[in-house]
1. Please go through the range 412-501 and write out the chymotrypsin sites (Phe, Trp or Tyr not before Pro) that DSSP classes as loop and that have at most 14 other C-beta atoms within 10 Å.
2. Roughly speaking, what is the stretch gain from Trp232 to Arg110, that is 0.36 nm per residue apart minus the C-alpha to C-alpha distance, in nm to one decimal?
3. Going toward the positive end of the dipole of the chain, with +1 on Lys and Arg Cβ and -1 on Asp and Glu Cβ, which of Gln509, His415, Pro465 do you reach last?
4. If you find the alpha carbon centre of the range 207-247 and of the range 417-439, how far apart are they in angstrom?
5. What FRET efficiency comes out for the pair Arg176/Ser220, r = Cβ-Cβ distance, R0 = 25 Å, nearest 0.05?
6. Enumerate the calculated ³J(HN,Hα) couplings along the range 463-476 in order (Karplus 6.51 cos²θ - 1.76 cosθ + 1.60, θ = phi - 60°), each rounded to whole Hz, writing x wherever the residue is Gly or Pro.
7. From the backbone phi of the range 204-221, what are the Karplus-calculated ³J(HN,Hα) couplings (6.51 cos²θ - 1.76 cosθ + 1.60, θ = phi - 60°) in whole Hz, Gly and Pro given as x?
8. Taking amide H positions as placed 1.01 Å from N in the peptide plane, with prolines and chain starts having none, which residues 5 or more places from Val261, or on another chain, fall under 5 Å of its amide H?
Amino acid sequence: MKRIDPRINLCLAAVLSAAGCAQPEPPAAAGTGTYEDLVRLFAEWREFEAPDYVSGAPDYSRGAMATKHAELPAWRARLEALDPTDWSVSRQIDWHLVRAEMNGFDFDHRIRRPWARDPAFYANVHAAQSDVPAHEGPTIHGWIDLWTYDYPLSPEDAEELASRIGAIPELLARARDNLDGDAYDLWVAGLRSFRAQAAVLEDFAGQVEGTSAALDAAISGARIATDEFHDWVEGLALSRTAPSGIGRDNYTWYMHNVHLVPYSWEEQVTLMRRELARAHASLRLEEHRNRNLPELERIQTAAEYDRRLNEAVSEYMRFLEEDEIQSVRPYMDPALRAKNGAFTPAGPGEIRNFFSEVNYRDPVVMRTHLHHWIELATMVEAPHPSTVRSEPLLYNIWDARSEGLATGMEEMMMHAGLFDESPRSRELVWIMLAQRAARALSGLYLHGNVFDMEEAVAHATTWTPRGWLPDADLVRNEQHLYLRQPGYGTSYLTGKIQIEELMGEWALQQGPGFFVSRFFDGFFAAGVIPVVLTRWEMTGNMDELLVNP
């Protein structure tokens, strides 16, 4: 059986039957709400948040979106009427998560409007799983995750996919009416998304050919529609002339009220500049310290790759357990090992991909960041007991928590001693930090309308050490995501910084009782939620932005 993304579960019936989602109920009387009322409201909210479906495709027309947005005040009134003041901290946190989602819905309708400004929004076929709780960036409802199906396809799954893929021509026909935005960089970058979708559909056609005549026809029709939509976007690209960034004030509002990140646009610029300088200076000092040691050699063969990647997983998992970093569960090792990938040949001077340059020198370094897969396995094997926290939060609200943890583990595990026997591996940690800070600044400057896309690409490339980021297409893909999803580019470091602050604060509270494994076990127990909310749960201290959003 296939595994369906939780967001699809809530409205899959609407996809297949073209039925609409729930409508808001009248506000409850003030002060009468219970936590159980919040759980019910959350389920109803998730159904409402999705658009109605027409002919199997979501309806993002101007009228439909205006009607949806007009109903938001009633949902907010229902939430406010619950009044969680006397609830436990854990339950108050769930209330704030629902409020953040409603703020995200509001922001999408007022400012971001991906269905009108972002052609890539309509690319809805995905071949591989993301390493975070949901898809990165704005994702259209009814997206198709091919990786969630078992192969060869059952007749039932083939029929379902034929129906869902078969709706793509209708979806893209309507997209031409919906897309009235003038954002040049978003418009042009969307071309890559549809070239990528065309390639995915072509590969999938070969994979399932002959399974079902209806599925073969649906894939062929979707491929033709994808190519035609790409050409339509390309033909109008030069007529789009406006900047794509949302602006500094909007960026700050979004951080504070949706992602619950306590830093403004200006503060994030300062933080990213500081991290970039710290990473470059630390790298130079580490290189000086290691100047008499041999450089790390890249993995050269497929056999060496398989051996070293498996050894890296074993070493990292052993370190987490024996050095008492966190509690280790049986499902964690296979979850991480399954993401080792395969060897890719390269010439002596050829640079593969930025992260491959790290991975092929010391795969243990990348295992720290791929803590992502341990966390995703935990969400399946040991989900949070709260209904609100057991599903991925909408609007990428989880980004600073998820990406911040993965990035934070790189440097934190280095300081904890993981690379004591491999000094030159510490250089890789600083190189990755510099790259994250450089691309984060580029993304900030895009949203602040200081840079255009090409200036953002040039900045990230220039400030990545050792010339390991020469692939402008890779940089453009990253900057495209950050432009589509405000805050994502900085989330790797804003989340890391918040986690470090929380560790320091919690350690002061614990005094002699502080222990690293107790910190991380408590941190993970809160779920994949904004760090300010984890801080509230662990320390009892609430960030002021929750009081004065």
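1. Of the chymotrypsin sites (Phe, Trp or Tyr not before Pro), not one in the loops of the range 412-501 has a Cβ with at most 14 other Cβ atoms within 10 Å.
2. Difference between extended and current length: 41.3 nm.
3. Highest projection toward the positive end goes to Pro465.
4. 39
5. The value I calculate is 0.75.
6. For the range 463-476, the Karplus curve yields 8, 8, x, 6, x, 7, 10, x, 7, 4, 5, 4, 5, 4 Hz.
7. 5, 4, x, 5, 10, 3, x, 5, 7, 4, 5, 5, 4, 5, 5, 5, 4, x
8. When sequence neighbours closer than 5 places are left aside, the close amide H contacts are His256.
No lab work stands behind these numbers, since they all come straight from the coordinates. Everything numeric here is computed off the predicted structure, so don't read it as measured data. Every residue, glycine among them, receives a Cβ derived from its backbone with ideal geometry; neighbour counts consider all protein chains shown.
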